[in-house]
Amino acid sequence: MPTESHERHSRALAWSWGLVLLLSALATTWLLRDGLPTDTRLTAMLPEDRQAPLIERADARLSTSFENRFVVLLTAPDLRGATRALAERLSSAGGASPLLSRLIWRDVDLAEADPREALGAYRYRLLTPALQQTIDAYGGASLVAPALRSLFSPAGQPQLVADPFGLLGRWLAARDASPVEAHDGLLTVTDDGQRYALLIGELADGPYSLPAQQALTTAIEDFQQAHPDAGLLRSGLIFHAAAGAEQAKREISTIGLGALIGLVIILLVVFRSPRVLAQMLLPLGCGLLLALPLTLALFGQLHVLTLAFGASLIGIAIDYALHLQCERAVAGSRFRLRPLLPGLALALVSSLLAYLAQALTPLPGLRQMATFAALGLLGAWLTVVLWLPRLVAPAHPATARIAERLWRISMPRRRLSPSVALLGAGLLAALAAWQLTANDSLRLLNPSSPAMLAEERQVQRLMGSDTGSRYLLVSAADEPALLSRLAEIGDTLDRWIAEGVELRYTNLADSVPPPAVQQANLARVERLYSEPLSELVARAGLPDSVIERARSRIEDVPILDVATWLGSAIGEADRRLWLGKIDAAQADMPGNMAAVMPLSGVESAALERRLTAFAERHANVVYVNRVERLSSLLGELREHIALWLGMALAGMAIVLAWRYRGLAWRVLVPPTGAVLIVLAIFGVIGVPLNVFSQLGMLLVLGIGLDAGIFSVEHARRPSTWLAISLSTLTSLLAFGLLAFSATPALHHLGLTCLLGLAAVWLLVPWVRPTHVGS
């Protein structure tokens with residue numbers, strides 16, 4: 001019987017835990033005063049690469065230019081009317097908090113200040129390659145006739161003194177390779193005779209804002225209902241983020257609700273009491289109440305996948321209450337908590353190790369999910385230990401009968417010997433090593449449907465834009481050297497293209513020629529302004545004073561630098577290409593300045609290898625395939641998780657050997673055997689191993705250790721076997737249902753847990769000792 005001092009101490013701890021929960025409730029109320037701050041970023045699951053900070057910076061620069069924009073291509077019988085209707089809906093979306101900061105859809109929306117005003121002073125240093133060749137070969141005499149036609153053309157805009165040969169106009173025309181054209185007051189693109197109206201939206205908020213996603217989705221759905229004959233093609237991160245958020249919400253309601261309903265039915269069948277059911281769910285509520293404010297305080301917001309994963313805590317947080325209630329239902333008035341405490345404590349430690357191992361990964365979203373789960377389990381455990389023994393819970397006779405019946409029908413007559421267990425482990429490990437493959441594809445993180453991805457690719461093709469997924473990162477000592485290096489690389493790629501290589505690239509040096517090239521261009525213009533200019537003026541019947549005035553303009557011509565170009569309206573699109581000065585302490589390549597050269601059309605493995613080899617030959621050039629690089633990081637993470645899995649198991653083995661001595665192997669067989677069974681099954685049926693299936697194995701390890709611990713602690717108690725069975729079943733409901741998730745990452749995690757937890761339940765009876773703790 002507990003002493004009076006022990007009872008006072010227990011009561012004080014219970015009240016203290018209640019105070020903590022009260023503070024958590026107040027903190028939750030304050031943190032949610034403006035609503036639940038959620039994060040729907042698909043990239044939250046991507047690993048951080050601290051080994052390549054300059055590449056990370058380049059990735060961010062290339063991504064930023066696309067994140068806050070979306071593109072819609074519209075086709076309809078009444079193209080102008082439908083475009084206007086869609087533009088009105090998008091412009092008014094969001095109500096008091098507008099969805100868009102700007103919408104571009106009319107030809108006048110792109111009417112900027114004349115770029116000649118910003119670049120006029122530099123025109124004599126800017127020549128197209130065709131003009132360079134013409135002047136070098138013929139001195140520019142062949143340019144006189146075109147200049148005369150432009151001079152006397154009704155549509156021409158000749159600048160007799162500033163630019164009699166139209167050099168700047170030719171150079172600007174060469175910069176505009178966009179397929180977008182004006183038609184009937186609209187911006188349009190054409191594909192196989194089909195004309196699409198173009199609408200470009202600039203978001204007032206980020207693409208991961210839930211209100212922005214809902215406003216955009218509603219506006220487009222309303223438009224489609226009003227114009228069923230219209231066709232839409234969409235491109236933009238916000239569309240993928242909205243689809244991912246909707247899918248996560250759907251899975252929260254289906255998976256979480258399904259697990260809860262299944263849990264309620266099982267508990268009512270076994271315990272036959274709504275009061276017991278409420279007490280069993282109490283630890284879950286308390287765990288979530290502790291986890292929510294602390295996770296928000298640590299991370300600032302909750303990812304929707306954390307909420308979906310948090311729904312899975314239903315099956316884990318209730319495990320401790322199951323062991324307590326099963327024992328109380330069978331023991332009746334003889335129930336005491338103290339005999340259960342060692343097993344409960346070890347079970348908590350093993351589960352926390354599994355979750356906290358995930359919190360050590362470089363996946364921001366996964367760290368949050370693991371933290372939320374670990375805090376939830378801690379809160380549930382404290383509630384079970386400090387509160388549930390103090391609550392009156394009726395024990396229905398059916399619970400004891402169910403425990404006895406389950407014991408009789410599921411306990412094998414024989415036990416697994418250590419030699420047989422070792423032989424089986426060796427065979428499973430050999431099968432897994434022989435057949436198992438790995439897949440670290442980044443597609444595991446992308447919940448977008450194939451149709452949405454195909455639509456994205458079609459829009460990118462029609463717009464002639466690159467995704468920034470492949471690029472060359474180039475560095476040099478200063479700006480002139482960097483521009484020269486970019487120009488040299490551009491010449492090399494042009495030679496490849498001339499050889500038949502299908503490749504497109506965007507080069508800042510095409511817009512801002514290196515100073516040496518600009519100086520050579522000025523020398524060419526001086527040559528053009530000698531005899532050819534005199535001939536032009538004479539044939540046009542103009543006074544000789546025009547010649548002197550024109551030649552005076554090419555004196556003291558400034559050099560166009562990167563800052564001036566990027567500051568102009570026409571150079572705005574190139575801002576994503578310029579990294580500028582780089583921090584020497586973080587630079588992972590030589591040089592003080594850097595820029596990127598996006599590539600598109602890299603479809604073949606041969607071209608991939610050629611680009612890689614080209615970059616490897618130059619210390620200041622790096623070829624980056626963002627998809628492959630992130631896949632490689634996922635592969636490294638998978639290997640690290642395997643190491644953590646082994647380390648966690650080794651650590652637990654030491655603790656278990658200290659407590660259970662020669663029986664420790666019986667605790668370890670269910671979790672390790674289950675992991676080996678999963679690996680062997682994956683190898684046989686051809687399911688490749690990935691980082692998320694390995695994370696599922698961490699969970700199987702933690703839950704399997706719980707089962708092994710209680711099996712050894714209370715080897716002869718039917719109530720313990722009933723609690724282990726219910727715990728496994730509820731965990732299967734919580735995590736196994738994730739196997740039906742449409743999110744690839746959660747699907748693989750769920751499939752691993754489904755197979756692994758079933759294996760745990762099957763293995764426990766075969767290694768249960770006959771007498772310890774009975």
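Each value in this text was obtained by applying a stated rule to the coordinates, not by laboratory testing. Since we're looking at a predicted model, the values are computed, not measured. Neighbour counts run over all protein chains shown; Cβ positions are idealised from the backbone, glycine included.
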Inter-part distance where the stretch 325-348 and the stretch 640-660 are each reduced to a Cα centre, Å: 25 Å
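DSSP loop (so not H, G, I, E, B), at most 15 other Cβ within 10 Å: list which GluC sites (Glu not before Pro) in the stretch 475-511 pass both filters. Please list the in-between numbers first.
On the way: sites: 488, 499, 502; in loops: 499, 502.
For GluC sites (Glu not before Pro) across the stretch 475-511 that sit outside H, G, I, E and B with at most 15 neighbouring Cβ atoms in 10 Å, the list reads 499, 502.
Give me the dipole magnitude in Debye, nearest 20, for the chain about the Cα centre, with unit charges on the beta carbon: positive for Lys and Arg, negative for Asp and Glu.
Working: 65 positive and 65 negative charges, 966 e Å.
My answer is approximately 4640 debye.
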Likely footprinting exposure, 733, 19, fewest C-beta neighbours within 10 Å first: 19, 733
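As a footprinting exposure proxy, order 554, 709 by other Cβ within 10 Å, with the fewest listed first. Display every interim value, and only then the final one.
On the way: 554 15, 709 25.
Fewest to most other Cβ atoms nearby, the residues stand as 554, 709.
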Computed helical MRE - 222 nm, the chain, DSSP H runs ≥ 4 contributing -39500 (n - 2.57), nearest 500: -20000 deg cm²/dmol
Under the Karplus curve 6.51 cos²θ - 1.76 cosθ + 1.60, θ = phi - 60°, whole-Hz ³J(HN,Hα) for the stretch 204-217, x wherever Gly or Pro sits: 6, 10, x, x, 9, 6, 4, x, 5, 4, 5, 5, 5, 4
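For the stretch 659-774, what does the relative contact order come out to in percent, with C-alpha contacts under 8 Å and a separation of six or more? Let's see the in-between values first.
Values: 164 pairs, mean separation 46.4, N = 116.
In percent, rounded to a whole number, it is 40.
With a cut-off of at most 16 other beta carbons within 10 Å, and DSSP calling the residue loop, which chymotrypsin sites (Phe, Trp or Tyr not before Pro) in the stretch 536-628 qualify? Please list them.
none
Rank-order 126-135, 717-726, 233-242 by packing density, defined as the average count of other C-beta atoms within 10 Å over each peptide's residues, highest first. List each step's numbers first, then the result.
On the way: 126-135: 17.4, 717-726: 24.9, 233-242: 22.1.
Ranked by mean Cβ neighbours within 10 Å, highest first: 717-726, 233-242, 126-135.
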Karplus (6.51, -1.76, 1.60) ³J(HN,Hα), θ = phi - 60°, over the stretch 650-662, in Hz, Gly and Pro reported as x: 5, x, 5, 4, 5, 4, 5, 5, 5, 8, 9, 6, x
Ordering of 421-434, 513-526 by packing [mean C-beta count within 10 Å, highest first]: 513-526, 421-434
Inter-part distance where the stretch 582-632 and the stretch 160-179 are each reduced to a Cα centre, Å: 33 Å
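Considering Cα pairs under 8 angstrom that are at least six residues apart, work out the relative contact order of the chain and quote it in whole percent. Provide the component values of the computation, followed by the final result.
Details: 1146 pairs, mean separation 159.3, N = 774.
After rounding, I find 21 percent.
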Ordering of 693-700, 209-216, 138-145 by burial proxy (mean other Cβ atoms within 10 Å per residue, highest first): 693-700, 209-216, 138-145
Contact order relative to length of the stretch 446-542, as percent, for alpha carbon pairs under 8 angstrom and 6 or more apart: 21 percent
For the stretch 696-774 and the stretch 214-237, distance of Cα centres in Å: 46 Å
Placed amide H near residue 94: partners under 5 Å, 5+ positions off or other chain: 99
Burial ordering of 66, 735, 740, fewest other beta-carbon atoms within 10 Å first: 740, 66, 735
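Within the chain, what percent of beta bridges assigned by DSSP are antiparallel, to the nearest 5?
Numbers: 42 of 45 bridges.
The antiparallel fraction comes to roughly 95 percent.
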